[in-house]
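Here's the structure, in structure tokens; my notes come after.
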């Protein structure tokens with residue numbers, strides 16, 4: 001009996017998210033970082049430099065908790081704290097070269113599983129999956145442009 005596309009997508013999402021999060025957790029742990037610390041590095045990679053208050057808002061934690069996480073990342077050489085160009089009292093956080101390298105290693109580890117998965121497919125399966133994912137990606141992007149905050 002064939003499953004509905006809705007059920008099939010849910011099953012894929014469950015497997016993919018479980019495997020992806022497990023990969024991130026293992027990578028963060030192997031680097032000596034907590035998931036919140038690794039998440040801060042990822043935010044700075046994707047959104048660029050910011051202040052501690054933006055981190056506390058993004059992760060819904062207090063400024064004190066954000067500062068504590070950031071302090072450990074600065075001490076580890078993964079983040080640097082500099083003066084804000086227009087307000088010397090404010091500090092700006094950005095990834096160091098070492099922090100950027102660590103994030104890129106995380107991406108490589110995460111993608112390794114996908115490479116293995118794709119490698120296990122036949123040529124015909126790869127074509128079908130490629131077509132299906134192209135359709136899903138386009139539909140998701142269309143939804144994202146209509147509802148960017150959701």
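A short reminder: the numbers here are calculations on the coordinates, not readings from a lab. No experiment lies behind these values; they were computed from the predicted model shown. Don't worry about glycine lacking a Cβ; one is built from the backbone with ideal geometry, like all the others, and counts go over all protein chains shown.
Take the chain, connect every pair of alpha-carbon atoms lying under 10 Å apart with a spring to form a Gaussian network, then pick out the residue of 40, 55, 135 with the largest mean-square fluctuation.
135
Which residue, 90, 132, 64, has the most motion in a Gaussian network model of the chain that connects Cα atoms within less than 10 Å?
Taking springs between Cα atoms under 10 Å, the residue moving most is 132.
Quick check on the chain: helices-only [θ] at 222 nm, where DSSP H runs of length 4 and up contribute -39,500 (n - 2.57) each and the sum goes over total residues. Nearest 500, please. Each step should come with its number before you reach the end.
Values: 6 runs with 107 residues, N = 150.
Value at 222 nm, helices only, nearest 500: -24000 deg cm²/dmol.
Measuring from label point to label point, each 7 Å out along Cα→Cβ, what is the residue 122 to residue 81 span in nm?
For residue 122 paired with residue 81, the spin-label model returns 5.9 nm.
Which of 27, 38, 107, 59 comes first, and how do the rest follow, when ranked by fewest Cβ neighbours within 10 Å? Provide the component values of the computation, followed by the final result.
Details: 27 18, 38 21, 107 12, 59 15.
The most exposed by this proxy come first: 107, 59, 27, 38.
Once you put a point 7 Å from the Cα of residue 63 and another 7 Å from the Cα of residue 35, both along the Cβ direction, what distance in nm separates them?
Label at residue 63, label at residue 35, 2.8 nm between them.
Taking log10 I(q)/I(0) by the Debye sum over Cα atoms at q = 0.10, 0.11, 0.14, 0.16 Å⁻¹ as the quantity of interest, determine which of (1) -0.30, -0.37, -0.62, -0.83; (2) -0.36, -0.44, -0.71, -0.91; (3) -0.50, -0.60, -0.87, -1.02 was computed from the displayed structure.
Computed from the coordinates, log10 I(q)/I(0) by the Debye sum over Cα atoms at q = 0.10, 0.11, 0.14, 0.16 Å⁻¹ corresponds to (3).
Tell me, what is the FRET efficiency for residue 25 and residue 140 to the nearest 0.05, using R0 = 22 angstrom and their Cβ-Cβ distance as r?
Values: r = 25 Å, r/R0 = 1.13.
Efficiency at R0 = 22 Å is approximately 0.35.
For the Cα atoms of the chain, what angle does the longest principal axis make with the long axis of helix 97-119, in degrees from 0 to 90, nearest 10?
Computed tilt is about 10 degrees.
For a quick check: sort 17, 42 by the number of other beta carbons within 10 angstrom, fewest at the front.
Details: 17 10, 42 17.
So the ranking, lowest neighbour count to highest, is 17, 42.
Where does helix 5-30 land angle-wise versus the long Cα axis of the chain, in degrees 0 to 90, nearest 10?
Orientation of helix 5-30: about 40 degrees from the principal axis.
Between rounded, prolate and oblate, where does the stretch 39-79 land on the alpha carbon gyration tensor, with a ≥ b ≥ c its root eigenvalues, rounded for a/c under 1.5, else prolate if a/b exceeds b/c? Intermediate values should be presented prior to the final figure.
On the way: a/c = 1.99, a/b = 1.07, b/c = 1.86.
It is oblate, given that a/c is not under 1.5 and a/b is not larger than b/c.
Once you've got the GNM for the chain with C-alpha springs shorter than 10 Å, pick whichever of 113, 12, 24 has the biggest mean-square fluctuation.
Its mean-square fluctuation being the largest, the pick is 12.
On C-alpha positions alone, give me the angle between the axis of helix 123-146 and the longest principal axis of the chain, in degrees, nearest 10.
That helix lies at roughly 50 degrees to the long axis.
How many nm separate the modelled label positions at residue 94 and residue 10, each set 7 Å beyond the Cα in the direction of the Cβ?
4.6 nm
At q = 0.12, 0.15, 0.17 Å⁻¹, what is the base-10 log of I(q)/I(0) for the stretch 1-80 according to the Debye formula with one equal point scatterer per Cα and no solvent? Please give it to two decimals.
Scattering profile of the stretch 1-80, log10 relative to I(0): -0.46, -0.63, -0.73.
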